[in-house]
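As structure tokens, the structure follows; a few thoughts come after it.
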Amino acid sequence: MTTKDSSKDKTKKHAHDWLNKHGDYLYRFALARLRDQHQAEDMVQETFMAAIKSDNFTAKSSPRTWLTGILKHKIIDLMRKGNREINASDLMSDQDTNMDEFFDKEGHWAEEIKDWNMPESALEQQQFFKVLQNCLDKIPSKLATLFMMRDLQEADNKEICKELDISSTNAWVMLHRARMGIRKCLEINWIGH
Amino acid sequence: MMSCKQASQLASQGLDTKLSIRDRFALNFHLFLCKYCSRFSQQLRSLSVAFSKMGQSIEDDNNITLPTETKNRIAKSLDSEI
């Protein structure tokens with residue numbers, strides 16, 4: 001066996017090691033944000049493929065943090081590729097931005113805004129998450145991912161907003177509309193349960 | 001005074017962008033006087049917390065693992081690339 005082959009074998013072993021040690025975590029990281037198993041699997045694969053192409057990747061001192069950073073940018077790229085859904089006004093129907101169902105003609109709330117009791121016990125919490133997942137499923141998946149990215153990584157909030165250009169007018173109107181929808185959905189399916 | 005429709009928009013916008021001092025003042029004044037909007041604004045914050053907790057619960061759930069088939073597929077791709 002040549003020296004080159006044996007160094008290749010070492011690299012392979014290293015890569016497999018990382019896959020076994022960090023693959024599950026990276027998958028959960030992606031799943032928590034994308035909420036789609038296939039997309040999450042693809043993102044993990046792309047992350048590892050990008051990682052081994054990096055120079056000297058075997059020398060990284062905290063591989064999990066490094067890999068997670070790659071994964072995060074892969075997810076942002078994925079969202080950016082489809083970010084017409086977020087930015088383009090031509091894809092936004094009146095229904096997406098219309099708030100009329102929530103307010104009367106004078107701009108007052110059409111319905112009482114009730115005080116919410118947020119879940120307290122662990123069991124309640126689990127049930128609440130199920131309802132919240134279902135409510136998230138009703139809005140465009142990219143907006144749902146955006147909410148998850150933002151709120152799971154507050155420190156990077158600005159960066160993510162910038163990358164996805166969500167300070168543009170259309171984008172925040174859509175985010176507002178999505179929040180109104182989720183709020184309403186929760187009020188019907190959870191708060192009144 | 002601004003309407004609830006405007007106030008709710010500003011409350012939401014404030015989560016995504018920095019509001020001007022004038023907007024912030026007008027919003028806070030409205031929230032101070034309006035029970036519904038003040039609840040709404042609180043609910044938006046609760047929603048953020050809920051998203052974060054829900055995501056964290058997935059991240060922390062050791063029962064969720066990369067499917068073995070996928071793991072094997074990735075291992076194969078890595079091997080052919082190295």
Taking the range A:139-163 and the residues there that are outside any helix (DSSP H, G or I) and in contact with a helix residue (DSSP H, G or I) (Cβ under 6 Å, 6 or more places away or on another chain), the one that is modelled with the lowest pLDDT would be A:Pro140
Single match in B:Ser48, B:Ser52, B:Ser38 (criterion: without any contact (Cβ under 8 Å) to a residue 24 or more places away in the chain, facing another protein chain (nearest Cβ under 7 Å) and open to solvent by less than 70 Å² (accessible area, probe 1.4 Å)) = B:Ser52
Sole exception among (1) open to solvent by less than 70 Å² (accessible area, probe 1.4 Å); (2) on the phi > 0 side of the Ramachandran plot; (3) at pLDDT below 90 for A:Asn56, by number = (1)
Quick one: would you say B:Gln9 is over 18 Å from A:Asp151 (Cβ atoms), within 20 Å of the chain's Cα centre (by Cα) and at the interface with another protein chain (Cβ under 7 Å from one of its Cβ atoms)?
-> yes
Would you confirm whether any residue within the range B:26-35 is free of Cβ contacts under 8 Å to residues at least 40 places away in the same chain and closer than 30 Å to A:Val44 by Cα?
-> no
Using the structure shown, decide if B:Leu19 is farther than 30 Å from A:Asn20 by Cβ, aliphatic (A, V, I, L, M) and not in a helix (DSSP H, G or I).
-> yes
In the range A:22-54, anything among the basic types (Lys, Arg) and free of Cβ contacts under 8 Å to residues at least 24 places away in the same chain is listed as A:Arg28, A:Lys53
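The values are calculated or read from the model by the stated rules, or taken from the named source; none is laboratory data. Predicted model only: the values in this text are computed from it and were never measured. Note: ideal-geometry Cβ built from the backbone for every residue, glycine included; neighbour counts use all protein chains shown. Only protein heavy atoms, including side chains, enter the accessible area calculation; ligands, DNA and RNA are left aside. Shrake-Rupley method; radii C 1.70, N 1.55, O 1.52, S 1.80 Å.
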